[in-house]
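A.B. asks: If you scroll down you'll find the structure; I have some questions about it.
The values are calculated or read from the model by the stated rules, or taken from the named source; none is laboratory data. In this text the structure is predicted, and so the values were computed from the model without any measurement. Methodologically, a virtual Cβ is constructed for each residue, glycine included, from the backbone with ideal geometry; neighbour enumeration extends over all protein chains shown.
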Amino acid sequence: MKRLGVLGWPVAHSRSPAMHNAAFRALGMTDWHYQRLPVPPEVFTETVKALRGSGFVGANVTIPHKEAALALADEASDAAREIGAANTLELREDGSIRASNTDAPGLLEALPRDPRGATALVLGAGGSARACLWALREAGAARVAVWNRTAERARALAEELGVDQVDRPEPADILVNCTSVGLSDGRFKDLPLDADSLGRYEIVVDLVYRSGGTELIARAREHGCSVVDGLEILVRQGALSFATWTDRQPPIEVMREAARGSVSGRQGLGQLPSTPDGGSLSGPGDG
């Protein structure tokens, strides 16, 4: 049995097992299995290093472990190094660990248009924001800006990644919410936005996903914006991780149906809402 999993703390909310196991079934990969791996930060490194001995060949990583995942890796992709966080680990037969980041390309694949030449505003300064800012910059966006409630954090991140920092949200072609606002109740009242201002954005992306959707996505749709929710980004980054581990073409539609079904099927059960993450310590996350 080849085993995979998602490392996080907490991780009970993760939709990744449903998504990946559905893909394995669709491709007849009966000797593969994906599971949740709840691991507290203080034992993260030793746990990861022991996984190979238990039959694991790889893992996704979600909050709060993405920076630690990069730090422990023997080898890392250029993107993971530049972003400063990893969400995908390959556990090799020789005991070495390779880290990569599929959150950044996952965002780009989920967008309904090529961001080249566009303007983009990212809300948040955690790990998911780092991945999104890097991805949009690398994709050739004409201007990429970051806003965070703590301006100093946004300023430091902007300087590190070579993007702009803004004190208040500005109009842009693409708006990406990388904060956890809306995680518990779906509302966006704590964002520096009001519903009427959403018409200033062509595309609105909310990394938060929850049963029934978020108010940000609903209001953006009402204002004629193209919208991308966190589940679509989860599917896209998950498909890239799947290909990394298996060298197989991922069945994206199967993965999408499984991820969305695992949300709608848990309505009324008191489930924790969740978000996918390109991030580390302070961004939304689901691996």
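A.B. asks: With the requirement that a residue be out of contact with any Ser or Thr (no Cβ under 7 Å at 6 or more places or on another chain), of a type outside the set (G, A, S) and at pLDDT below 95, what does the stretch 192-209 give you?
C.D. replies: P192, L193, D194, D196
A.B. asks: Let me ask something else about it. Would you confirm, using the coordinates I've provided, whether G140 is in a loop (DSSP other than H, G, I, E, B) and surrounded by 14 or more Cβ atoms within 10 Å (Cβ to Cβ)?
C.D. replies: So G140 does not fit the description; no.
A.B. asks: Shifting gears a bit: Could you give me the residue pairs with C-beta distances under 8 Å whose first residue belongs to the stretch 43-67 and is farther than 22 Å from S128 by Cα, whose second residue is assigned to a helix (DSSP H, G or I) wherever it lies, and which are 6+ apart or on separate chains?
C.D. replies: Matching pairs, first to second residue: K49/L72; V57/W245.
A.B. asks: All but one of (1) outside the structural domain of Q237 (by TED's automatic domain parsing); (2) touching a strand residue (DSSP E or B) at 6+ places or on another chain (Cβ under 9 Å); (3) buried (at least 18 other Cβ atoms within 10 Å of the Cβ) hold for A131; state the number of the condition that does not hold.
C.D. replies: The number of the failed condition is (2).
A.B. asks: Something else about it: Across the stretch 109-128, which residue is surrounded by the most Cβ atoms within 10 Å (Cβ to Cβ) among those that are more than 18 Å from G84 (Cα to Cα) and among the small types (G, A, S)?
C.D. replies: A120
A.B. asks: Can we say G28 is out of contact with any His (no Cβ under 9 Å at 6 or more places or on another chain), modelled with pLDDT of 95 or more and over 24 Å from R256 (Cα atoms)?
C.D. replies: no
A.B. asks: Still on this structure, I have one more. Might you let me know whether the stretch 74-82 holds any residue that is part of a strand (DSSP E or B) and buried (at least 19 other Cβ atoms within 10 Å of the Cβ)?
C.D. replies: yes
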